[in-house]
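Notes for the one structure printed next.
Since every read-out is calculated from the coordinates, none of them should be taken as a lab result. Just so it is clear, the structure is predicted and the values come from calculations on it, not from any experiment. All Cβ positions, glycine included, derive from the backbone under ideal geometry; neighbour counts span all protein chains shown.
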Amino acid sequence: MTRRFMALAALAVVCAGVELVAGRGMSPGVVWDVVNGGGDATARHIFFQLRLPRLLVSLGAGACLAVAGLVLQSALRNPLAGPEVTGVTPGAVLGAVTATALGLAGWDSPLAVVLAACTGGCAGAALLWLLAGRGRGDPAQTAVHGVLVSAVLGGLTAMVLLVEPGELGSVVQWLVGTTEGRVWQHWHLLWPWALLWGAGAWLLAGPLTLLRCGDDIALTAGLSVRPARTLALLCAVALTAGAVAAVGALGFVGLLVPHLAVAVFGADLRVSLPGAALVGAVVVCGADAAAQLSSRLPVPGLDAGRFTLPVGALTACLGAALLLVVVRRTPSRTF
Amino acid sequence: MRAPLPLPAAADGPAAGGRRPSRGARTWQPVLVAVLLVASSLCALSLGTPYVPPHRLAGAVLDGDTTLAGIVVTELRVPRLVLALVAGACLGAAGLVLQEALRNPLAVPEMLGVSSGAALGVAAPLVLTLSLPAAVQPLLAIGGAALGGGLTLLAAGLGRSPSAVLLTGAAVAAALQAALLVLMVMADQLDLHLIYRYLLGSLSARTWDDIAGLWPWLLVAVPALVLCAPVLSVMRLGDEDAEALGVRAHRARLAALAIAVVLIAPVTAVCGPVAWVGFLAPHLARWFNPTAGAVRWLPWSAAWGAAVVTVADVPARLALAPVETPAGAWTALLGVPAGVALMRSGGRGRAARSAPGVGKALHGPRTAASGVTDEVPRAAPDDARREEAGAGGTQPPPSRPTGTEDVR
């Protein structure tokens, strides 16, 4: 187990290294100079004020989303639960967009954005709860209901955006999820929030492992199921809201990374929760590095520099492909 | 094969559901549709900035382009109304065809990637600044829609369970959506507004030219629709029964998908994916008349689709008066909750009547009993138990009756 952690940590370091040198602004040699204390002022600025916070934000957001997904899947005992399909992410997007449009929040008051996203995420989850009943029926059915809830929330977001079209350009980037232009402010906001709720999730790891086994077993083991589940859901919503406020709605990370983590680290959440955080960080960071590398490619029909691939698009495509494989490979299951 | 089989379908369908509407609801349906259509048409024609009272509408139309009211009504409001009616009817009919052909109450263009594909086909040349003749645009939309729908069905396999198809569709739609968002990120601010408004399904500023582009496609689609309706009502018996009755199930399903694509894509090319109309309209038609077959539902579904789009267009035009909101946002807001409520009210009655299985809304009796098509036939309760067993590595006791959860 330790070996696996070490391997993943090494992978994370590699991804981080690639991410640091992948951008278009300067060549790897210059980056090496800057790391060794040399380089001119522009290079230093690019490295310390743009690339480093971007790297940290992508790592943190990936970890948050993955942990949130694992907590959700365990608490609801639904392998298809994830922030995207339980209405949490679209709700958080709606909350943040609404708060920005109403002038209650903005880029100068980032905490308000996080809180609004949190409220919206809770509202989205509650909506699904109302729609799908107790949320413990057929997992695939709950997921389908979640897609419907997402459609409603997406419609609301669209209405808000059309009434207040001022920031459409920046919001669209954010709808797909991007780490473009994240600076230290974002990181300073993300890490305390992530640490707080991540610690909460870590404390809940034991009860969550019991919840994975089913309510009856958890009750027999002496766990009061309802408060534990409520706390876990709150934790998941808060973590998702933090990540959404930082980087936007990254597709499919919260749905598929937990499966990866469970496959690698087993179903004991005391181990696989930190593992999921690590895997999520690796995945998002790696996807971001790949997106930056791909934006260096020459694209026919477009002038250079216009083609930028948001990391969210990459994770969505990756996740869609993975989901297809999963659905096709399990014919006996109904999802 | 062409003859509409009378009612073996009804014995299997949602016919004897617990909460089926009484005979009254069935007779009310035409009245309700007519009232909605007339009222919303009057609103669409007379309300607005030059307010034209209903009794002066005829005069305004006859005046033609001599008065301001005449110009506004004939050149702006009438084409918009006609477009809303045609688009709604197409979407409603396409939704019914998809749902019946796949035997899946949630098979809507939005969830199969058809709409996203069509939107991608329209948005791509706009962003990449390729100049194309106007006639090519519907072709691109059709190509995109066929790509999305075909990809979904190919990836999911044709005879799979409904939720597998839907989840695959969600994945394909998400990937197409991501591609679309990449395009939108690259677009400049002006294009972005255009695309965004289009993507939500807006009927604003459409003229007679746009409608004229729709006719050729309708000429192809409507006869095909009439021909395929009887086959659809056979298809809902299940693939094996349908083949026993002489329908080549797979081929018929592909044909139905093609018809749906031909219906949806031109509409999407003109006014964007007006969301979830194809979901709400068939459910309304079914709820009002649960014992009929696909042949009877088809016209009603089209009528309901037209009514839904026309009704949604009124608040879209007037709610936030100087700004126009897209009609698609309204249909999404109102259509999804209403459709889910209808589906649940139909499904719960069925579930209460049938075995205490899990498949309430998604797996009604007709899907559960015949959900497995080419493989070994399974019994419905067995199928249901396996569904619960699929819930994950750690399992709930399989025998828990889901009905009690509803009561609690």
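Once you place label points 7 Å from the Cα toward the Cβ at B:Ala341 and B:Ala58, how far apart are they in nm?
Each label point lies 7 Å from its Cα, and together they span 3.8 nm.
Highest mean first, how do B:28-37, A:149-158 rank when packing is the count of other Cβ atoms within 10 Å averaged over residues? Don't skip to the answer; put the middle values down first.
Values: B:28-37: 14.5, A:149-158: 23.9.
Taking the mean over residues of other Cβ atoms within 10 Å, the ranking is A:149-158, B:28-37.
Take peptide A:315-322, look around each residue's Cβ out to 10 angstrom, count Cβ atoms belonging to other protein chains, and average those counts. List each step's numbers first, then the result.
Working: counts 1, 9, 7, 2, 4, 12, 3, 1.
If you average over the peptide's residues, the count of other-chain Cβ atoms is 5.
Considering only DSSP states other than H, G, I, E and B, which trypsin sites (Lys or Arg not before Pro) in region B:208-283 qualify as loop sites with at most 15 other Cβ atoms within 10 Å? Don't skip to the end; give the middle numbers.
On the way: sites: B:Arg236, B:Arg248, B:Arg251, B:Arg253; in loops: B:Arg236, B:Arg248.
Answer by residue number: B:Arg248.
I'm checking a number: the convex hull volume of the Cα atoms of region A:1-44, normalised per residue, in Å³. What is it?
Details: hull volume 2.9 nm³, N = 44.
So the per-residue hull volume is 66 Å³.
Over 21 Å, how big is the tail of the calculated P(r) for region A:184-281, in percent of all Cα pairs? Kindly include the intermediate steps, with their values, before the conclusion.
Details: 1712 of 4753 pairs.
The calculated P(r) of region A:184-281 puts 36 percent of pairs beyond 21 Å.
What is the pair-distance distribution P(r) of region B:214-336, computed from all Cα-Cα distances in 10 Å bins starting at 0, with each bin given as a whole percent?
12, 36, 33, 14, 4, 1
Taking a label point 7 Å from the Cα of B:Val31 along the Cα→Cβ vector, which residues of region B:273-311 have an amide N closer than 20 Å to it?
Label zone hits: B:284-291, B:300-301, B:303-304, B:307-308.
Using a 10 Å cut-off around each Cβ of peptide A:251-261, what is the average number of partner chain Cβ atoms that fall inside? Let's see the in-between values first.
Details: counts 5, 4, 0, 0, 1, 0, 0, 0, 0, 0, 0.
Mean number of neighbouring Cβ atoms from other chains: 1.
Kirkwood Rh, Cα Rg: Rg to Rh for region B:135-274?
Values: Rg = 17.6 Å, Rh = 17.0 Å.
With Rh from the inverse mean 1/r over Cα pairs, Rg/Rh is 1.03.
How large are Rg and Dmax for region B:42-145 when only the alpha carbon atoms are used, in Å?
19.0, 53
Listing A:Phe48, B:Phe288 from the residue with the fewest other Cβ atoms within 10 Å to the one with the most, what is the order?
Working: A:Phe48 13, B:Phe288 22.
Arranged by neighbour count, lowest to highest, A:Phe48, B:Phe288 become A:Phe48, B:Phe288.
What distance in nm lies between label points placed 7 Å from Cα along the C-beta direction at A:Ala9 and B:Leu130?
5.0
Averaged across B:325-337, how many Cβ atoms of other chains sit within 10 Å of each residue's Cβ atom? Don't jump to the answer; show the numbers that get you there.
Working: counts 4, 4, 0, 2, 9, 2, 1, 9, 8, 2, 4, 10, 6.
Other-chain Cβ atoms within 10 Å of each residue's Cβ, averaged: 5.
Report, in order of residue number, the helices in chain A meeting two criteria: a C-alpha extent of 30 Å or more along the helix axis, and a mean Kyte-Doolittle hydropathy of at least 0.0; treat each whole DSSP H run as one helix. Intermediate results must be reported in sequence, preceding the final value.
Numbers: long enough: A:52-76 (36 Å, 1.68); A:110-131 (32 Å, 1.94); A:139-163 (36 Å, 1.66); A:225-247 (33 Å, 1.59); A:269-294 (37 Å, 1.36).
Long hydrophobic helices here: A:52-76, A:110-131, A:139-163, A:225-247, A:269-294.
Take A:Trp202 and B:Val222, extend 7 Å from each Cα along the Cα→Cβ direction, and tell me the distance between the two endpoints in nm.
6.8
Calculate, axis by axis, the spread of Cα positions in chain A along the three principal axes, and write the results as whole Å, longest axis first.
65, 53, 39
When the convex hull of the C-alpha atoms of region B:102-214 is computed, what volume per residue in Å³ does it have? Working shown, then result.
Numbers: hull volume 12.5 nm³, N = 113.
Per-residue hull volume (Cα only) is 111 Å³.
As a test of the formula, what do you get for chain A when each DSSP H run with n ≥ 4 contributes -39,500 (n - 2.57) and the sum is divided by the residue count, at 222 nm and rounded to the nearest 500 deg cm²/dmol? Walk me through the numbers on the way to the answer.
On the way: 15 runs with 245 residues, N = 335.
When only DSSP H runs of four or more count, the value is -24500 deg cm²/dmol.
If R₀ is 25 angstrom, what is the calculated FRET efficiency for the pair B:Asp209 and B:Gln189, using the beta carbon separation as r and rounding to 0.05?
Values: r = 27 Å, r/R0 = 1.07.
Efficiency, rounded to the nearest 0.05: 0.40.
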